[in-house]
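For reference, the structure discussed in these notes is given below.
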Amino acid sequence: MCRVALGSDTGGSVRLPASWCGVVGFKPSYGRVSRYGLVSYASSLDSVGILARSTRDIRDTFNIISAPDPHDMTCMSKSLRSRIDTLCASREWISHNTIASEPLKGVRVGVPSEFWVDELSPSAIDAWKRGAAKLESLGCDVIPVSLPHTPHTLPAYYTLALAEASSNLARFDGIRFGTRHPPTQSTRASLKYAQTRTMGFGDEVKRRILLGTFVMSARAYENYYLPSQRIRRLVQREFNRIFAMPNALCTTNTKTDARNVDKVDAILFPTATDTAPVQGSNNGLSAYVNDVMTVSANMAGIPAISVPFGLCEGMPLGLQIAAQYGDDDLVLRIARHLEPQPANMDSSNFYQEQRGTGPGTSVQPTASEIKQGFAPGPTTTPALFTPLKIRSLTLKNRIAMSPMCMYSSHDGFATDFHLVHTGQYALRGVGLIMMEAAAVAPEGRITPNCLGIWKDEHVEKLEQITRFAHTNHASIGIQLAHAGRKASTNAPWLIKVHGANADEEHGGWPNDLIGPSPVPFSDRSWMPAEMTIEQITSIQREFALAAGRARRANFDVLELHGAHGYLIHSFLSPISNRRTDAYGGSFDNRIRFLVETVRSVRTQWPINRPLFVRLSMTDWVEPSGDIPTGGWTEEESIELAKVLAQEQVDLIDCSTSGSSPLQKIPLGLGYQVPFAHAVKRNVPQMLSAAVGLITTAKQANSIIESKHADLVFIARALLREPNFVLDAARQLDAFAQYPHQYERGRSKPKHSFI
């Protein structure tokens, strides 16, 4: 069986069958998907719709077919798509939280009263009420809204659709398109094509062509066609009035206005007035009544999706979600939570709500837990286990997993390894899991086996990983990276076999390396090509597109990798940046690439979600005659942090080194902590994170307690001890929430043998 089917949705031709057959039917925003190759019925109303059993299959297909197409002039341009993405990303009131029970918290859903028509069956009304209640349970605010001209939409739709159909279908006359009827000897010359014009058309199509031709006649044009166009404009304006996000076609703004309590993000209403009609039961105009629930979305060009929501006497019923023009992602997001989950996908029985905010939260032991010996008595909360609020996100503790390359991807795709590897830390209480560096372009990988996020197909597996993390009350981020001149190397365990550099035979791309200047990392490294201005702009756009994919994958935090000698860092350091244009030379010029990249990323990354930057705070290279500063310095990092604070960056992840093999690193426990402390002292509006040889709970707690950093990134210690967080609580005399499944493994301090 096929996973999906495509169809033309002019007034509900995808959503109505979906409702009646118990599947999902999606009509994207007008122009999201190219109509090239589709036989036109009503050109201003037709959209390519998708039918599937699940919203996930719908999204996968939509991500593939939603793209600009020069063959279809009505298809959205790249600039319009970018403007829509920016508007979607600016809605700070839609919380992106990790509470599994309220995944839609902050979303306002309207219930339009005008869809409560006389023909609506009791079953459809019941499904509508239950759907609204479910959305409320998922964290939505459900409020009544009014669309006064909705009752006039159906007659206006049929007037406009028939007028366009008569013009479009007239082409199939056997002369230019269609089937030509063979002439007979008795055929009069004036009627030569009379039979040809009707060949292949059924009675209903013939009626519609005739009615459409009448609508376009002189007197009817003024009496029917023009008033219908006016109704269409009124309907579009009413949707613009109730939706919080502006219509990208009606504004050049790239920011959604502050929250208006009278506006909503989406609307909920039935797909059909009742279950599927019994064959032969409909007659006359009654056959068209169900369209009253679907045509409004086509008239306004907005996205709408029908999801199955219950049965009536064994027959399926569907509910519709619609949103502002271009807001297809929100429609799909709400639908994913509204649609019934298969029994084997329902994890609610396994991941119950717990005290606090899940594993790794500092909580007070119950009397029973104290009696059983799990805790000596009431406990205090050490600094390491205090929550940290960053924009709309609250981390349950101050322990983050540092991004560490796993070299376990093929063509950039995350695998089951990533799900299991990342998932274990979600189960074991890590406050923030930062996934490894994900390349924004294929040539930006460190090795051929590195993770990527340069194409939409990467999103599906990443979204599975974030969903598991959120189900276990863990926050999760991803690091966006481009390796620049340090790309095309081999994974550590392959170096002895193939050498340090990956050539073309072993999946590398030695001829495609880029950097600010043609300066290799070492004498044994590949030579990069100096980036042109066009390439700089292109890579910055790739970072922004990757941020949009990270948003769609539901990551909570985004980090830009500006350290360890990779592309962003190589622009910062005079060791690797010898340019003489606007991107090299002075401090302001060398930071320009990063600052512009941050701005570009923020257009696609929601303003309510945190943005981090990892910096190498110093290159650890001795001054020389060639480079008097030795390279990038701590003082420059502090000045850069001040600039980034003005660019909506929330935290500096303070690492060091990576620009030169001449670096001399003074390794020792917490050797990079002073840099995080320097950021806190000198840039009070910026949060800082410490990383590097932080190996014990007491050391990590001391860093937070002494206010040398706001967050600690743990790397190798977590690889050695996946239970680091839960064990840290015990070592600090705190009591942390365990996952229910592991509760029996909690140690009992009263009993030394357990």
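Which angle between 0 and 90 degrees, to the nearest 10, do you get for helix 459-471 versus the longest principal axis of the chain when only C-alpha atoms count? On a 0 to 90 degree scale, this one is about 70. Here the contact order of segment 1-100, divided by its residue count and restricted to Cα pairs under 8 Å and six or more residues apart, works out to 29 percent.
Note on SER538/LYS129: beta-carbon distance plugged into 1/(1 + (r/R0)^6) with R0 of 51 Å gives a FRET efficiency of 0.50. With a Förster radius of 56 Å applied to the C-beta separation of SER113 and GLU639, the computed FRET efficiency comes to 0.45.
Each residue, ASP626 and PHE214, gets one label point 7 Å from its Cα in the Cβ direction; the gap between the two is 8.6 nm.
Under the definition of Cα pairs under 8 Å and six or more residues apart, what whole-number percent is the relative contact order of segment 569-705?
On the way: 210 pairs, mean separation 30.6, N = 137.
Result for segment 569-705 is 22 percent.
Measuring r between the beta carbons of ARG207 and GLU102 and using R0 = 45 Å, the FRET efficiency lands at 0.35.
Accessible surface calculations at 1.4 Å, restricted to protein heavy atoms, place the chain at 42 Å² per residue. Label sites at CYS21 and ARG578, each approximated as a point 7 angstrom past Cα along Cα to Cβ, lie 6.4 nm apart. Phi angles across segment 621-628 convert, under the Karplus curve 6.51 cos²θ - 1.76 cosθ + 1.60 with θ = phi - 60°, into 3J(HN,Hα) values of 10, 5, x, 9, x, 6, 10, x Hz, Gly and Pro given as x.
For the pair LEU662 and ARG237, the difference between a 0.36 nm per residue extended length and the Cα-Cα distance amounts to 146.6 nm. To the nearest ten degrees, helix 634-645 and the longest principal axis of the Cα atoms of the chain are 30 degrees apart.
Return a whole-number percent for the relative contact order of the chain, with Cα pairs under 8 Å and 6 or more residues apart as the contact set. Don't skip to the end; give the middle numbers.
Values: 1631 pairs, mean separation 93.2, N = 754.
For the chain, the relative contact order is 12 percent.
Relative intensity of segment 668-747 on a log10 scale, I(q)/I(0) at q = 0.12, 0.13, 0.22 Å⁻¹, equals -0.39, -0.46, -0.99, per a Debye sum over C-alpha point scatterers of equal strength in the absence of solvent.
Before rounding to the nearest 500, sum -39500 (n - 2.57) across all DSSP H runs of length at least 4 in the chain and divide by the residue total; then give [θ] at 222 nm in deg cm²/dmol. Display every interim value, and only then the final one.
Details: 22 runs with 229 residues, N = 754.
Computed mean residue ellipticity for the chain: -9000 deg cm²/dmol.
Remark: C-alpha extents of segment 409-475 on the principal axes read 35, 20, 17 Å, sorted largest to smallest.
Entry note: segment 619-754 has Rg to Rh equal to 1.09, where both radii use alpha-carbon atoms and Rh is the Kirkwood radius.
Placing a label point 7 Å from the Cα of ASN682 along the Cα-to-Cβ direction, the residues of segment 695-718 whose backbone N falls under 19 Å from that point are 707-711. Rolling a 1.4 Å probe over the protein heavy atoms leaves MET406 with an accessible area of roughly 30 Å².
Net charge near SER79, counting Lys/Arg +1 and Asp/Glu -1 over other residues with Cβ under 15 Å of its Cβ? Intermediate values should be presented prior to the final figure.
On the way: positive: ARG32, LYS78, ARG81, ARG83, ARG541; negative: ASP69, ASP85.
That sum, taken over residues with Cβ under 15 Å, equals +3.
Relative intensity of segment 554-633 on a log10 scale, I(q)/I(0) at q = 0.11, 0.18 Å⁻¹, equals -0.33, -0.75, per a Debye sum over C-alpha point scatterers of equal strength in the absence of solvent.
Listed by chain and number, the lysines placed with their C-alpha closer than 19 angstrom to that of LYS698 are LYS396, LYS707; residues fewer than eight positions away on the same chain are left out. Sequence-ordered 3J(HN,Hα) estimates for segment 540-545 from the Karplus curve with 6.51, -1.76 and 1.60 and θ = phi - 60° stand at 4, 5, 5, 4, 5, 4 Hz, glycine and proline given as x. Which of the residue pairs LYS27/LYS455; LYS455/LYS664; LYS27/LYS105; LYS680/LYS748; LYS105/LYS642 have a Cα-Cα distance greater than 27 Å in the structure shown? Result: LYS455/LYS664; LYS680/LYS748; LYS105/LYS642 exceed 27 Å.
Using the Cβ of ALA248 as centre and a radius below 10 Å, the other residues enclosed give a net charge of 0, where K and R count +1 and D and E count -1.
Between ILE65 and ALA170, the contour length at 0.36 nm per residue exceeds the alpha carbon distance by 34.9 nm.
Neighbours of LEU388, meaning other residues whose beta-carbon lies under 9 angstrom from its beta-carbon, give a summed charge of +2 when Lys and Arg score +1 and Asp and Glu score -1. Solvent-accessible area of segment 620-727 (1.4 angstrom probe, protein heavy atoms only): carbon and sulfur portion equals 53 percent.
Can you give the convex hull volume of the alpha carbon atoms of segment 1-119 per residue, in Å³? Could the numbers behind the result be given before it?
Numbers: hull volume 20.7 nm³, N = 119.
Each residue corresponds to 174 Å³ of Cα convex hull volume.
Output the direction-averaged projected area (hull surface divided by four) of the convex hull of the alpha-carbon atoms of the chain, in nm². Before the final figure, lay out the partial values.
Details: hull surface 162.6 nm².
That works out to 40.7 nm², a quarter of the Cα hull's surface.
What number does segment 496-582 give for Rg over Rh if you use C-alpha atoms and the Kirkwood radius?
Numbers: Rg = 15.2 Å, Rh = 14.9 Å.
Result: Rg/Rh = 1.02.
Backbone N atoms of segment 544-567 closer than 16 Å to the 7 Å Cα→Cβ label point of HIS498 are not found in any residue.
Need one number: % antiparallel among DSSP beta bridges in the chain, to the nearest 5.
On the way: 31 of 75 bridges.
Roughly 40 percent of the beta bridges in the chain run antiparallel, per DSSP.
Using a 7 Å offset from the Cα along the Cα-to-Cβ direction at both SER77 and LYS389, what is the distance between the two label points in nm, to one decimal? Taking the simple label geometry, SER77 and LYS389 are separated by 4.3 nm.
The values are calculated or read from the model by the stated rules, or taken from the named source; none is laboratory data. Computed from a predicted structure; not experimentally measured. Counting neighbours? That spans all protein chains shown, and the Cβs are built from the backbone with ideal geometry, glycine included. Accessible surface is based on the protein model in full, side chains and every heavy atom, while ligands, DNA and RNA are left aside. Shrake-Rupley method; radii C 1.70, N 1.55, O 1.52, S 1.80 Å.
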